[in-house]
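Trainee: Take this structure first; my questions come after.
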Amino acid sequence: MNATITTTARYVPKNIVTNHDLEKIMDTSDEWIKSRTGIHQRHFVGENEATSDICTHIAKSLLEKRNLSPDDIDIIIISTVTPDMLAPSTAAIVQNNIGASRAWGFDLSGACTGFLYGLETGAKFVESSQYNKVMVIGVDTMSSILNLEDRNTAVLFGDGGGGVILEQTGDNSGIFDSILKMDGSGGPFLQMPAGGSRMPATIESVENKMHYIRQDGRTVFKFAVKGMADVAEKILEKHQLTGDDISLFIPHQANKRIIDAAANRCGIDSDKVLINIHEYGNTTAGTLPIGLSEADDTGKIKNGDLLLLAAFGAGWTWGSMLIKWDTLS
Ligand code: ACO
């Protein structure tokens, strides 16, 4: 038995920040951001709003849509690099917020590939038959680690996330294969150096802005195109599929040019590629579940469709997944 996604939901904060808003606070332009990335706007959390608040909206929505009580949930997995705090886990905060008294859970750090790592992990629990309902949420509050004086990173990211409930299928549909990768030699090219045990917070670390994400954008771009296209192509080959067999390709939304290059390499027509980067920017672990939930809600996917998901991010981490859509509804 495979695990299948029976429900999807998403949430982005209300506050919209346009490229024109950013023009006012840094040396950038709407034209540059649109043409180099495809991003038109992003959502940022409001005051006193954090990752667990986004998750709580998503979790409540999942329960409502699937008509479940909080006690039906066995495990909560939150994929994020921007937890509310290092301890307790965001999963524990969400468990308490929704009153899922039977659930245990944990946070999972896989950067932009975090949702795929979370789905794979959750699926294994479900497939073991020891657990019936696993909630997996991919979410990030990137505005909390963005240096708004650094135009190389600040224009790219947004806040938000989405989630799913995983259950067992009655047949061989659902999540039927994945290729997941990691290469830690890529770490220095995209990281947030301070705030962990290597460089705990000091006045100096804060003054030197070490608690913000920093990157070598060109190197990330190069590896992202190759990494995402390689694993997407490989999983198709493994199952003797071509781009024509895919009903919808949901790629990580980092840069429209990265998405186009990956889709092109896999021979997937542009009308079968889900793109929402113009609306949300890069929400890190949030991009895939936001896309999945949008596709689900707007009828872009129906039972029996074959979906290809792919992502690449800090670590390096990357991966692809094939899902035969079957919501059991
Ligand atoms: N506004 C205006 N100009 C800018 C900006 C900005 N926000 N940022 C950089 N520039 C300038 C640069 O300073 C440079 O100027 P110069 O020629 O005078 O030196 C010029 O624009 C071109 O810079 P490049 O770095 O060559 O621009 P490029 O076309 O590579 O685009 C970008 C940069 C958008 C960062 C791209 O490399 C990219 O998307 N990389 C991937 C990064 C990423 O997605 N990281 C997120 C996490 S990882 C992931 O999700 C896959």
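Trainee: Taking interchain pairs and intrachain pairs at least six residues apart, which have beta carbon atoms under 6 angstrom, with the first residue in the stretch 17-29 and in contact (Cβ under 8 Å) with a residue 24 or more places away in the chain and the second assigned to a strand (DSSP E or B) and not polar (S, T, N, Q)?
Mentor: V17/R42; V17/F44
Trainee: If you don't mind, there's one more thing I want to ask. Considering only the stretch 234-254, state which residues are buried (at least 20 other Cβ atoms within 10 Å of the Cβ) and either among the aromatic types (F, W, Y) or away from the ligand (no atom under 12 Å from the Cβ) (or both). Explain how you work it out, then say what you get.
Mentor: Our first condition is that a residue be buried (at least 20 other Cβ atoms within 10 Å of the Cβ); within the stretch 234-254, this holds for 235-236, 246, 248-254.
I235, L236, I246, L248, F249, I250 - these are the residues of the stretch 234-254 that are buried (at least 20 other Cβ atoms within 10 Å of the Cβ) and either among the aromatic types (F, W, Y) or away from the ligand (no atom under 12 Å from the Cβ) (or both).
Trainee: Among the residues of the stretch 255-277, what is the count of those that are of a type in the set (G, A, S) and either away from the ligand (no atom under 13 Å from the Cβ) or open to solvent by 40 Å² or more (accessible area, probe 1.4 Å) (or both)? Even if it seems obvious, please write down each step before you answer.
Mentor: Within the stretch 255-277, the first condition is being of a type in the set (G, A, S), and the residues that meet it are 261-263, 267, 270.
Of the ones still in play, those that are also either away from the ligand (no atom under 13 Å from the Cβ) or open to solvent by 40 Å² or more (accessible area, probe 1.4 Å) (or both) are 263, 267, 270.
Total meeting the criteria: 3.
Trainee: Any idea which of (1) at pLDDT below 95; (2) closer than 21 Å to L86 by Cα is the one S173 doesn't satisfy?
Mentor: Going through the list (1) at pLDDT below 95; (2) closer than 21 Å to L86 by Cα, S173 breaks only (2).
Trainee: Now, a different point. Residue check: is D245 touching a strand residue (DSSP E or B) at 6+ places or on another chain (Cβ under 7 Å), among the acidic types (D, E) and under 18 Å from G267 (Cβ atoms)? Show your work before the answer.
Mentor: Numbers: touching a strand residue (DSSP E or B) at 6+ places or on another chain (Cβ under 7 Å): yes; among the acidic types (D, E): yes; under 18 Å from G267 (Cβ atoms): yes.
Considered against the rule, which asks whether it is touching a strand residue (DSSP E or B) at 6+ places or on another chain (Cβ under 7 Å), among the acidic types (D, E) and under 18 Å from G267 (Cβ atoms), D245 comes out as yes.
Trainee: Let me ask something else about it. All but one of (1) more than 20 Å from the chain's Cα centre (by Cα); (2) open to solvent by 40 Å² or more (accessible area, probe 1.4 Å); (3) within 16 Å of the ligand (Cβ to nearest atom) hold for V81; state the number of the condition that does not hold.
Mentor: (1)
Trainee: I need the full set of residues from the stretch 288-329 which are among the polar types (S, T, N, Q), closer than 23 Å to G158 by Cα and open to solvent by 40 Å² or more (accessible area, probe 1.4 Å), in order please.
Mentor: T298
Trainee: With the stretch 171-273 as the region, which helices (runs of 4 or more DSSP H) entirely inside it contain at least 2 residues that are touching a residue at least 40 places away in the same chain (Cβ under 8 Å)? Let's see the steps before the verdict.
Mentor: Details: elements: 203-207, 217-238, 256-266.
Counting at least 2 such residues, we get 217-238, 256-266.
Trainee: Limited to the stretch 81-106, what total is found for residues that are acidic (D, E) and more than 21 Å from L146 (Cα to Cα)? Explain how you work it out, then say what you get.
Mentor: Let us first name the residues in the stretch 81-106 that are acidic (D, E), namely 84.
The next check asks that each one be more than 21 Å from L146 (Cα to Cα); those that pass are none.
Qualifying residue count for the region: 0.
Trainee: Please go through the stretch 125-162 and pick out each residue that is assigned to a loop (DSSP other than H, G, I, E, B) and more than 14 Å from the ligand (Cβ to nearest atom). Reasoning before the result, please.
Mentor: Step one: filter the stretch 125-162 for residues assigned to a loop (DSSP other than H, G, I, E, B), giving 128-133, 146-150, 155-156, 158.
Correct list: S128, S129, Q130, Y131, N132, K133.
Trainee: Which one is farthest from the ligand (Cβ to nearest atom) among residues in the stretch 29-47 that are within 13 Å of S143 (Cα to Cα) and exposed (fewer than 13 other Cβ atoms within 10 Å of the Cβ)?
Mentor: Out of the qualifying residues, it is E47.
Trainee: Out of curiosity, is M26 within 16 Å of the ligand (Cβ to nearest atom) and either assigned by TED's automatic domain parsing to the domain that holds I301 or not in a strand (DSSP E or B) (or both)?
Mentor: Details: within 16 Å of the ligand (Cβ to nearest atom): yes; either assigned by TED's automatic domain parsing to the domain that holds I301 or not in a strand (DSSP E or B) (or both): yes.
Considered against the rule, which asks whether it is within 16 Å of the ligand (Cβ to nearest atom) and either assigned by TED's automatic domain parsing to the domain that holds I301 or not in a strand (DSSP E or B) (or both), M26 comes out as yes.
Trainee: Does L68 satisfy the criteria of being buried (at least 17 other Cβ atoms within 10 Å of the Cβ), modelled with pLDDT of 95 or more and not in a helix (DSSP H, G or I)? Outline the logic, then answer.
Mentor: Numbers: buried (at least 17 other Cβ atoms within 10 Å of the Cβ): yes; modelled with pLDDT of 95 or more: yes; not in a helix (DSSP H, G or I): yes.
Spelling it out, L68 is indeed buried (at least 17 other Cβ atoms within 10 Å of the Cβ), modelled with pLDDT of 95 or more and not in a helix (DSSP H, G or I).
Trainee: Only one of (1) open to solvent by 30 Å² or more (accessible area, probe 1.4 Å); (2) assigned by TED's automatic domain parsing to the domain that holds N19 is not met by R214, so which one is it?
Mentor: (2)
Trainee: Within the stretch 278-287, is even one residue open to solvent by 40 Å² or more (accessible area, probe 1.4 Å), under 25 Å from A9 (Cβ atoms) and not aromatic (F, W, Y)?
Mentor: Taking the stretch 278-287 and keeping what is open to solvent by 40 Å² or more (accessible area, probe 1.4 Å), we get 278-279.
Applying the additional criterion that residues be under 25 Å from A9 (Cβ atoms) yields 278-279.
After this cut, where a residue has to be not aromatic (F, W, Y) as well, the list is 278-279.
Yes: the stretch 278-287 contains one or more residues that are open to solvent by 40 Å² or more (accessible area, probe 1.4 Å), under 25 Å from A9 (Cβ atoms) and not aromatic (F, W, Y).
The values are calculated or read from the model by the stated rules, or taken from the named source; none is laboratory data. Predicted model, so just to flag it, every value in this text is computed and none were measured. Positions of Cβ are generated from backbone atoms using ideal geometry, with glycine treated the same way; all protein chains shown enter the neighbour counts. What goes into the accessible areas is simple: the full protein's heavy atoms, side chains included, and nothing from ligands, DNA or RNA. Shrake-Rupley method; radii C 1.70, N 1.55, O 1.52, S 1.80 Å.
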